[in-house]
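Enquirer: Structure incoming, see below.
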Amino acid sequence: MAATDMHGSAPGPTPSPSPSPSIQASLPPTPPLSASDPTDAHSTERHEQHESHHETRKPLTSQSLHSSPIKQAPSSVLSTVRSLPKHLQAGLHLPQEWLSLYSSFVLKNASSVAQIESALRSLTYIIPGRFRDAEIASESLHSSIQLLSLYHDTLLARAVSKLPGMPRIQNPHNRYTKYWTGKSKMYRRVALVLQCAQYTELLWEMAAKRRGEKIRWRVIVLIEALKAICRLLILRITGGRMVVPPLPEREPIPEETSEESGLEYDDEEGFFPVEEKKPKEWSMPRTGLTLPALPSPSDISSFLMQKVLTADDIKPAATLLSRMSGPPHLAEILHTLRPVIYAVAMARTKNKKSWQPWLLGIAVELAARQLHAERGRNGIRETALEKEEWNRRGWAMGWWTLRGAFYGNVTKGWVQGLVGAKYMPGLVGGILEDYAFLWEEYHFASDDM
């Protein structure tokens, strides 16, 4: 009997879904079913089960893959990853815009920024060790202000150099340091490293002290060696005496509007309204030429003194410090190595009140001054800047009374007597006591280089 007798009427041909091209290429063609085959009943049943299985589980096509949630998740991740560079690029532009806005604010309000810096710096001087458990926080604030002031000096120096008009008279120190910072990139980089080391040396010592005295003195010796190397490099680059500080000091900006002085960026408006000021020049109605405005009658003497030129004002900047050779050159090297010698001696001495490191350090300093005095005996004249620097170093020798054995055996008793005196105001006594704590506990608290 035919297969149609066993199952009734034969079902109509059901259109099977077309397999994917990859499946057609890998599977052999299926032979057609025969109606006279004795195994038609079993084959038909298996064929119906296979068709029902295909109806419940549809084949995967490209359209279904794109529409499935499993595929949508990776595609969304890919789109997010592809958009990351755009977001990163936009994020990188933000700090540059903020830096430009901050620079514009500093240039437009230079006097106000200088007053804020001075007030904050004075605050850190008044409360040096008020919170002895958190002295590192106070010193971190002080170091941050110093580094920020260094950045402001760079901004203002660039702005002042672009001011129109005749060249302004500068002090010899600024002329000399500006000459070398503009001439030699090596000098500028070494001077910047030296200045940053001086601003942060006490902070590094406070952080190292928490790890022990040995680590603290190792850090002190390393910092002193770094500063000595920087000074020797500057001495080699310039061929003359190194001036402290190695970078030019901040110059006062003339009282002009931002548009006239060019101290602003491309921003349309400033952070604070700029007051209208009288024009500095007078324009002739017929020719159109301009003449500078005359000073006020009460300011004539200071106006004329600004125009006076001295011998150092007309000298080339490179000759403000003469080249050294022989004993003066050796004196400068000894003065540069003196802090390293004293720090190494203190690190190797177990008794910090011993007089040996203190006597060794001050002997090296006095030997340097004695070698420098040989220059005057030989009839070599010093420049004004050299005299000013050696006078500064002479006054700086007073810091030896606050170091090592001299402070522990002599000065400390005087300070304690002043703090406990009846006539001493409470505020002044508290500040002096806080500084006494720093002088006793930290090496760089009394450092002069």
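The values are calculated or read from the model by the stated rules, or taken from the named source; none is laboratory data. Source: prediction; values computed, not measured. All Cβ positions, even for glycine, are placed from backbone atoms using ideal geometry, and neighbour counts span all protein chains on display.
Enquirer: Somewhere in the stretch 215-224, is a residue without any contact (Cβ under 8 Å) to a residue 12 or more places away in the chain, surrounded by fewer than 20 Cβ atoms within 10 Å (Cβ to Cβ) and either on the phi > 0 side of the Ramachandran plot or not charged (D, E, K, R) (or both)?
Expert: yes
Enquirer: Okay, moving on. Go through P172, P167 for me and flag whichever is crowded, with 16+ Cβ neighbours inside 10 Å and either under 20 Å from the mean Cα position of the chain (by Cα) or modelled with pLDDT under 90 (or both).
Expert: Exactly one residue qualifies, and that residue is P172.
Enquirer: Of the numbered conditions (1) of a type outside the set (D, E, K, R); (2) at pLDDT below 85; (3) in contact with a Phe, Trp or Tyr (Cβ under 9 Å, 6 or more places away or on another chain); (4) under 23 Å from L385 (Cβ atoms), A191 satisfies every one except a single condition; which is it?
Expert: So A191 meets the others, but not (2).
Enquirer: Next up: Answer with yes or no whether K412 is of a type in the set (K, R), surrounded by 13 or more Cβ atoms within 10 Å (Cβ to Cβ) and in a loop (DSSP other than H, G, I, E, B).
Expert: no
Enquirer: Quick check on my filter: what residues within the stretch 94-104 are of a type in the set (F, W, Y) and over 20 Å from Q146 (Cβ atoms)?
Expert: W98
Enquirer: Of the residues R250, R210, only one is basic (K, R), in contact with a helix residue (DSSP H, G or I) (Cβ under 6 Å, 6 or more places away or on another chain) and at pLDDT below 95; which?
Expert: Sole residue among the options that is basic (K, R), in contact with a helix residue (DSSP H, G or I) (Cβ under 6 Å, 6 or more places away or on another chain) and at pLDDT below 95: R250.
Enquirer: Against the conditions (1) without any contact (Cβ under 8 Å) to a residue 40 or more places away in the chain; (2) not in a helix (DSSP H, G or I), where does D448 fall short? Just the number, please.
Expert: All conditions are met except number (1).
Enquirer: Here's a check for you: in the stretch 323-356, which residue that is assigned to a helix (DSSP H, G or I) and among the polar types (S, T, N, Q) is farthest from R392 (Cα to Cα)?
Expert: Among those that are assigned to a helix (DSSP H, G or I) and among the polar types (S, T, N, Q), it is Q356.
Enquirer: Same structure, new question: Quick one: in the stretch 365-389, which of the residues that are surrounded by fewer than 17 Cβ atoms within 10 Å (Cβ to Cβ) and closer than 23 Å to A343 by Cα is farthest from the chain's Cα centre (by Cα)?
Expert: So the residue we want is Q370.
Enquirer: Assess whether V160 counts as being more than 23 Å from Q115 (Cα to Cα) and among the β-branched types (V, I, T).
Expert: Judged against the criteria, V160 is not a match.
Enquirer: Can you tell me which residue within the stretch 390-427, out of those that are under 39 Å from the mean Cα position of the chain (by Cα) and of a type in the set (F, W, Y), is farthest from L366 (Cα to Cα)?
Expert: Here the answer is Y407.
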